[in-house]
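The values are calculated or read from the model by the stated rules, or taken from the named source; none is laboratory data. Worth saying up front: this structure is predicted, and the values here are computed from it rather than measured. Heads up, the Cβs are rebuilt from the backbone with ideal geometry, glycines too, and the neighbour counts pull from every protein chain shown. The protein model used for the area step is the full one, side chains on, heavy atoms only, and it has no ligands, DNA or RNA in it. Shrake-Rupley method; radii C 1.70, N 1.55, O 1.52, S 1.80 Å.
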Amino acid sequence: MNYSENKKITGRIHSTESFGTVDGPGVRFVVFVQGCPMRCLYCHNPDTWDFTKGTEMTAEEILDEYEKCREYITGGITVTGGEPLMQKEFVSDLFAKAKAKGIHTCLDTSGAGFSKEKSAEFDALMSVCDIVMLDIKHISKEEHKKLTGLENDGILDFAHYISGCGVEIWLRHVVVPNITDSEDDWYKIGLFASELKTLKAIDVLAYHDMAKPKYKSLGIDYPLNDTPPLDKSVAKKAKETIMRGLKDGLKDGKN
Ligand code: SF4
């Protein structure tokens, strides 16, 4: 994010996608921001990691692109990455201008970069955000660090913070063989989810290795080379266990 002399806010953008179907409700215009502080072992977008790459764009330029495909967009705009919270001033500006045009807004984030100390900046973002899709990569602090390079305290704080702002939360969890396949951890995710008053959906995804060729083309070693794709039945079991934790947590919360 940059402020030029005339105070224009720009974002560093990796790319845009005009027909996103898995990035929030409806068909959506998806903006991939450039730069991410995490290094998730199963990341599909290693090309978005480097903060120095990408193209600088203003909110107006993004919304001009949006207008070109407005006729078939049934959902709205989603900002993903990379990590959008690393460019929160830009995302706030984009979402504010989108909302002024009646466009539904969705933030797809890992939560990395949240800090309670900067809550005024996050308040501005939440005030123009309709949905937050939040990844819970691992519920254990230590295992989260091994999987992503960062601890998860701030991310779990962020989930509570979003809920406190009254913004809808869609949680997502990727099940990876030998990394996030413990029933105990799934149950704990469910318990944690039960604390989020604005939770609207939980999506559990099975790990796959389709990003391998991308790593090869970037000359980066693929960290999960020996990890097989997850059988979908395991993801189903994970979802059931998370839901059991959620229900138990909600029940306990009422007692
Ligand atoms: S947070 Fe997202 S973009 Fe960043 S490394 Fe993890 S999966 Fe990749």
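Here is how the numbers come out for the structure above:
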item: Rounded accessible area of Leu63 (nearest 10 Å², 1.4 Å probe); result: 10 Å²
item: Cα gyration tensor shape for the stretch 112-234, rounded if a/c is under 1.5, else prolate or oblate; result: prolate
item: Other-chain or far-sequence residues with amide H under 5 Å of Ser127's (modelled H); result: none
item: Residue of Gly164, Gly35, Gly113 that the Gaussian network model of the chain assigns the largest fluctuation, springs spanning Cα pairs under 10 Å; result: Gly164
item: Length released on extending from Val22 to Lys214, taking residue separation times 0.36 nm less the Cα-Cα span; result: 67.1 nm
item: Considering only the stretch 2-254, percent of DSSP beta bridges that pair antiparallel, nearest 5; result: 30 percent
item: Between helix 59-68 and the chain: long-axis angle, C-alpha atoms, 0 to 90°, nearest 10; result: 80 degrees
item: Accessible area of the stretch 67-161 divided out per residue, in Å², using a probe of 1.4 angstrom; result: 38 Å²
item: Options Pro25, Ile13, Pro177, ranked by Cα towards positive dipole end of the chain, top entry (Cβ charges); result: Pro25
item: Tilt relative to the chain, helix 153-165 - C-alpha long axis, 0 to 90 degrees, to 10; result: 70 degrees
item: Helix-only CD estimate at 222 nm, as mean residue ellipticity for the chain, using -39500 (n - 2.57) per DSSP H run (n ≥ 4); result: -11000 deg cm²/dmol
item: With all protein chains modelled, accessible area of Tyr72 [1.4 Å, Å²]; result: 90 Å²
item: Bins of 5 Å from zero: percent of alpha-carbon pairs in the stretch 200-255; result: 4, 16, 17, 15, 12, 12, 10, 7, 5, 3, 1
item: Helix 183-193 vs. the chain, principal-axis angle (Cα, 0 to 90°, nearest 10); result: 50 degrees
item: Reachable lysines, given that their alpha-carbon falls under 20 Å from the alpha-carbon of Lys216 and they are not under 8 places away in the same chain; result: Lys53
item: Heavy-atom accessible surface of the chain: percent carbon and sulfur, 1.4 Å; result: 51 percent
item: The stretch 131-148 - phi-based ³J(HN,Hα) in whole Hz, Karplus 6.51/-1.76/1.60, Gly and Pro as x; result: 9, 10, 8, 10, 7, 9, 6, 7, 7, 8, 4, 5, 5, 4, 5, 5, 6, 10
item: Debye intensity ratio I(q)/I(0), log10, the chain, q values 0.10, 0.11 Å⁻¹ (C-alpha model); result: -0.49, -0.60
item: No Cys partner within the rule (Cβ under 4.7 Å), the chain; result: Cys36, Cys69, Cys106, Cys129, Cys165
item: Surface accessible to a 1.4 Å probe, Thr55 within the full protein complex, Å²; result: 80 Å²
item: Mean separation of Cα contacts under 8 Å, 6 or more apart, over the residue count of the chain: relative contact order %; result: 16 percent
item: About the Cα centre, charge dipole magnitude for the chain (Lys/Arg +1, Asp/Glu -1 at Cβ), debye; result: 420 debye
item: Which of Ala59, Ala100, Gly35, positive extreme of dipole for the chain (C-beta unit charges); result: Ala100
